[in-house]
Amino acid sequence: MIDTRDITKTYETPHGRVDALRGVTLRVERGEFLSVMGPSGSGKSTLMALLGCLDSPTSGTYLLDGRDVSAFDDDELARIRNEKIGFVFQTFNLLPAYDALANVALPLLYRRPHIGEAGAPPDRRARRAAAEEALLRVGLEDRMTHVPAQLSGGQRQRVAIARALVQRPEILLADEPTGNLDSKVGAEILDLFQQLNEETRMTLIVITHEADVAARARRIVEIRDGLAVSDHRAS
Ligand SMILES: Nc1ncnc2c1ncn2[C@@H]1O[C@H](COP(=O)(O)OP(=O)(O)O)[C@@H](O)[C@H]1O
Ligand SMILES: [Mg+2]
């Protein structure tokens, strides 16, 4: 479903050009659980932004389900992102004044109907039901009306995962999802990812600089200086 061919990304800065990605060719099939591992500055987040249709490559092509999204404009990128992709970040990015339910329901408020999808956008009751279901899936049924300040780091990340799941993405991209968590709580988040990947056909890509986090995936792609230097099954 993901098929990149020699994609590059060059940032222009006041101090000159930065070649963040220098030609990455990557194929990921539906339902895979993959990690992208590399040291800080190697281009991981840049690759995630391209795979997640947040940005376009400088050169190369990206076929997502056979469509060449590398040529898409911002509106087209937003639409396909909305339709297919969920994101989880290191810093959770929850709205502090909103409880877990409202944080998870929020993406549905801005959601455009998928191409070919019948019916109107979800109303308030439908949004709430979908948010409850997503929070149930991440094990937070007893924390739905808590605001982020009343939740632990691991619980906040579960809310963020539920917020990604509520849109039923085909691909979930997680950038250093355990980076702000201690190792025990981080391992629980990785257990949850593994369970979601096994129970659904959701493609899961976890980005990390930590070898033990990467090893939880079934396949590990290593990236150095903007190049994929190895691609192997986790042992
Ligand atoms: N928006 C940007 N503008 C300029 N340079 C950037 C930008 N984003 C990332 N970079 C540079 O691109 C390189 C790769 O960054 P990044 O993809 O964030 O790496 P990683 O996530 O592996 O730490 C780094 O040298 C970084 O400084
Ligand atoms: Mg990064």
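Data for the structure
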read-out: Residues within the range 46-71 that are buried (at least 17 other Cβ atoms within 10 Å of the Cβ) and either out of contact with any strand residue (DSSP E or B) (no Cβ under 9 Å at 6 or more places or on another chain) or assigned to a helix (DSSP H, G or I) (or both), tallied; value: 8
read-out: Residue match in the range 143-156 (condition: in contact (Cβ under 8 Å) with a residue 40 or more places away in the chain and within 14 Å of the chain's Cα centre (by Cα)); value: no
read-out: Leading residue by the ranking (nearest to residue 218 (Cα to Cα)) among those in the range 27-49 that are within 12 Å of ligand 2 (Cβ to nearest atom), within 13 Å of the chain's Cα centre (by Cα) and not polar (S, T, N, Q); value: 36
read-out: The range 84-113, subset under 17 Å from residue 170 (Cα atoms) and assigned to a loop (DSSP other than H, G, I, E, B), residue nearest to the chain's Cα centre (by Cα); value: 111
read-out: Hey, residue 24 in a strand (DSSP E or B), within 13 Å of ligand 2 (Cβ to nearest atom) and modelled with pLDDT of 95 or more or not; value: no
read-out: Residues being surrounded by 13 or more Cβ atoms within 10 Å (Cβ to Cβ) and modelled with pLDDT under 95 - total across the range 219-235; value: 1
read-out: All positions within the range 189-235 that are among the charged types (D, E, K, R), touching a Leu at 6+ places or on another chain (Cβ under 7 Å) and closer than 25 Å to residue 8 by Cα; value: 219
read-out: Flag for residue 81 being of a type in the set (Lys, Arg), crowded, with 19+ Cβ neighbours inside 10 Å and farther than 25 Å from residue 2 by Cβ; value: no
read-out: Meets criteria (surrounded by 14 or more Cβ atoms within 10 Å (Cβ to Cβ), outside any loop (DSSP other than H, G, I, E, B) and in contact with a Leu (Cβ under 6 Å, 6 or more places away or on another chain)) for residue 163; value: no
read-out: When residues of the range 166-212 are limited to those that are within 16 Å of ligand 2 (Cβ to nearest atom) and crowded, with 23+ Cβ neighbours inside 10 Å, the one nearest to the chain's Cα centre (by Cα); value: 173
read-out: Restricting the range 1-20 to residues that are of a type in the set (A, V, I, L, M, F, W, C) and within 23 Å of residue 170 (Cβ to Cβ), the residue that is farthest from ligand 1 (Cβ to nearest atom); value: 1
read-out: Residues located in the range 168-185, provided they are in a strand (DSSP E or B) and more than 16 Å from ligand 1 (Cβ to nearest atom); value: 171, 172
read-out: Single residue of 199, 170 found to be farther than 15 Å from residue 157 by Cα and at pLDDT below 95; value: 199
read-out: For residue 139: the one exception among (1) more than 16 Å from ligand 2 (Cβ to nearest atom); (2) closer than 16 Å to residue 86 by Cβ; value: (2)
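The values are calculated or read from the model by the stated rules, or taken from the named source; none is laboratory data. What you see is a predicted model, and the numbers here were worked out from it, not measured in a lab. All Cβ positions, even for glycine, are placed from backbone atoms using ideal geometry, and neighbour counts span all protein chains on display.
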